[in-house]
Amino acid sequence: LKAACLRSPRPRSSLFVPFPLHSPMGNKVFCHARVILTEDIALNVKSSNLVRDVIPIVYKWRADGAELSFDLHEFKTTFDVVKGVEHQFSVFDTDANGRVDAHEVMMVYILLSSGDLGKKIETVFETFEFQGHDGDVGSINFDEAMIMLESCVRGVQKVCTVDFHIAEDEVYFHCKSLFDKYKTNHDGRITRKEFCDWCQEDPSPKAFLSLFQLAQGLPDINAMVQQVNLRQSQVFQMEAQGQLFITPKELMGSEEFRRLLRKSSDWEVDTLVRLMTDESGRIGSDRFHSVLRPWNIFDACDLNGDGDLDSKEMEILLWVHMRVKPTQEFVREFVQAIDGDNSGTVDRIEWVNAIVKSHGGIEEAALKASERTKSMNTSRRSLPASMHRHSAVEVLLAREGHLVALDGHLVH
């Protein structure tokens, strides 16, 4: 099994490996707030339930002899793939040899399925719980741990869209840290409890697992936002009682309205209501929703609920908002454009203000951006970067994601 799975011999503890003091995988993973699932295979796996769907597959696979690889037919029948089986198979079959690594596929299903994180860690261990030559049960040796970690990393990197890569040497570093944590030689064994504790206590594996535990598809995030939009609409209708407008006092007095704003301060609520209120001192349905829509999108992307988004969280917000993954340059310049207090982060009111205040010049800004785009006869490289940044941010704010400029092109 080791000979079949391990691609190359690993350096033993007698050799010095110049890894940095801090975990390289941790550094890469810590700067990512969440993985956004866009591929059909990732969304399909995410819809699986760990206990109901995935664990029975793992147990059956082990009972049938735990084959190390699947061909197309075995892949389809094992994972009950109904639609797009050839494409999903090709995602794992990166060397195009007609077979996929069974461990990689199993790890993707375990890590991305819905279910308790602790149960996932136990299932990962059980999948690789080989009986050692010394007869130990419920433990793994160094090479088996390497197979496990490599399968986890390679599998999710094939299926998920991530802008970081974890090399095999970095995987070795973390496997070494696992054995070092329990002062176990590389010819010793790690127990199930030690492995599970390491995954949930060490910052690096914990961050890696959380990244995919919290992974969501764009449809999921949009559905969350739409749910809140609907409940807020019901609040407006209840307060309006058949009328077209409500007063700020009526809205401020609604406990359900405040509850749906989730941990908002009195100042934030007051600011939102002021933005909704027209010149006659009334709040109409359109204005009510135009203020709350950007608030709700922000809230869906604010994982820790602190009301501030850094550049990585803003990348997710813009991705959801535009339905196109923004470049890092675009995110950086966007944050600078609306970060009113120069804190380096964007708070909820800064974001909502930027969106709402742009509504007055929607058509004018869009028309100007369109004229600029049509006049760009030279390549993007020959134009000042500030022109591209300005038009992209201006049009994004002007059309609240319905019309955005990316790389000099208008996208409807």
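Which ranges mark the helices (runs of 4 or more DSSP H) fully within region 135-225 that have 3 or more residues being over 26 Å from residue 317 (Cα atoms) and touching a His at 6+ places or on another chain (Cβ under 7 Å)?
Numbers: elements: 142-159, 168-181, 192-201, 203-213.
Because the criterion is at least 3 residues that are over 26 Å from residue 317 (Cα atoms) and touching a His at 6+ places or on another chain (Cβ under 7 Å), the helices (runs of 4 or more DSSP H) in region 135-225 that meet it are 142-159.
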Next on the checklist: Tell me whether region 333-342 contains one or more residues that are under 27 Å from residue 263 (Cα atoms), among the β-branched types (Val, Ile, Thr), in contact (Cβ under 8 Å) with a residue 12 or more places away in the chain and open to solvent by less than 10 Å² (accessible area, probe 1.4 Å).
Outcome noted: no
Next on the checklist: Based on this model, can you work out whether residue 288 counts as of a type in the set (A, V, I, L, M, F, W, C) and without any contact (Cβ under 8 Å) to a residue 60 or more places away in the chain?
Outcome noted: yes
Checklist entry - Filtering region 201-237 down to residues that are without any contact (Cβ under 8 Å) to a residue 12 or more places away in the chain and over 21 Å from residue 301 (Cβ atoms), which residue is surrounded by the most Cβ atoms within 10 Å (Cβ to Cβ)? => result 206
Item to check | Residues (in contact with a Lys or Arg (Cβ under 7 Å, 6 or more places away or on another chain) and open to solvent by less than 10 Å² (accessible area, probe 1.4 Å)) located in region 86-110 | outcome: 92, 104, 110
Checklist entry - Do you know which residues across region 41-75 are under 17 Å from residue 122 (Cβ atoms) and open to solvent by 20 Å² or more (accessible area, probe 1.4 Å)? => result 49, 51, 52, 53, 56, 57, 59, 62
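Restricting to region 312-332, give me the number of residues that are open to solvent by 60 Å² or more (accessible area, probe 1.4 Å) and on the phi < 0 side of the Ramachandran plot. First the steps, then the outcome.
Within region 312-332, the subset open to solvent by 60 Å² or more (accessible area, probe 1.4 Å) is 323, 325, 327-329, 332.
Subset that is on the phi < 0 side of the Ramachandran plot: 325, 327-329, 332.
Final tally of qualifying residues: 5.
If you check residue 281 against the conditions, is it outside any helix (DSSP H, G or I) and open to solvent by less than 50 Å² (accessible area, probe 1.4 Å)? Explain how you work it out, then say what you get.
Numbers: outside any helix (DSSP H, G or I): yes; open to solvent by less than 50 Å² (accessible area, probe 1.4 Å): yes.
So residue 281 fits the description; yes.
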Checklist outcome for this item: Of the listed residues (95, 40), the one being in contact with a His (Cβ under 9 Å, 6 or more places away or on another chain), modelled with pLDDT of 75 or more and either acidic (Asp, Glu) or farther than 30 Å from residue 314 by Cβ (or both) is 40
Checklist entry - So is residue 245 among the aromatic types (Phe, Trp, Tyr) and either at positive phi or open to solvent by less than 50 Å² (accessible area, probe 1.4 Å) (or both) or not? => result no
Next on the checklist: With the requirement that a residue be open to solvent by less than 70 Å² (accessible area, probe 1.4 Å) and at pLDDT below 80, what does region 356-377 give you?
Outcome noted: 358, 359, 361, 362, 365, 366, 369, 370, 372, 373, 376
Checklist entry - Looking at this structure, is residue 232 of a type in the set (S, T, N, Q) and in contact with a Leu (Cβ under 7 Å, 6 or more places away or on another chain)? => result yes
Checklist entry - Would you say residue 210 is among the polar types (S, T, N, Q) and touching a Ser or Thr at 6+ places or on another chain (Cβ under 7 Å)? => result no
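Kindly evaluate residue 23 against the criterion of being hydroxyl-bearing (Ser, Thr, Tyr) and either modelled with pLDDT of 90 or more or exposed (fewer than 11 other Cβ atoms within 10 Å of the Cβ) (or both).
Values: hydroxyl-bearing (Ser, Thr, Tyr): yes; either modelled with pLDDT of 90 or more or exposed (fewer than 11 other Cβ atoms within 10 Å of the Cβ) (or both): no.
Against the criterion (hydroxyl-bearing (Ser, Thr, Tyr) and either modelled with pLDDT of 90 or more or exposed (fewer than 11 other Cβ atoms within 10 Å of the Cβ) (or both)), residue 23 does not qualify.
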Item to check | Index of the failed condition, residue 262 passing every other in (1) open to solvent by 30 Å² or more (accessible area, probe 1.4 Å); (2) within 22 Å of residue 336 (Cα to Cα) | outcome: (2)
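The values are calculated or read from the model by the stated rules, or taken from the named source; none is laboratory data. Predicted, not measured: the structure shown is a model, and the values here were computed from it. FYI the Cβ positions are ideal-geometry reconstructions off the backbone, even for glycines, and counts take in every protein chain you see. We work out accessible area using only protein heavy atoms, side chains counted, and drop any ligands, DNA or RNA first. Shrake-Rupley method; radii C 1.70, N 1.55, O 1.52, S 1.80 Å.
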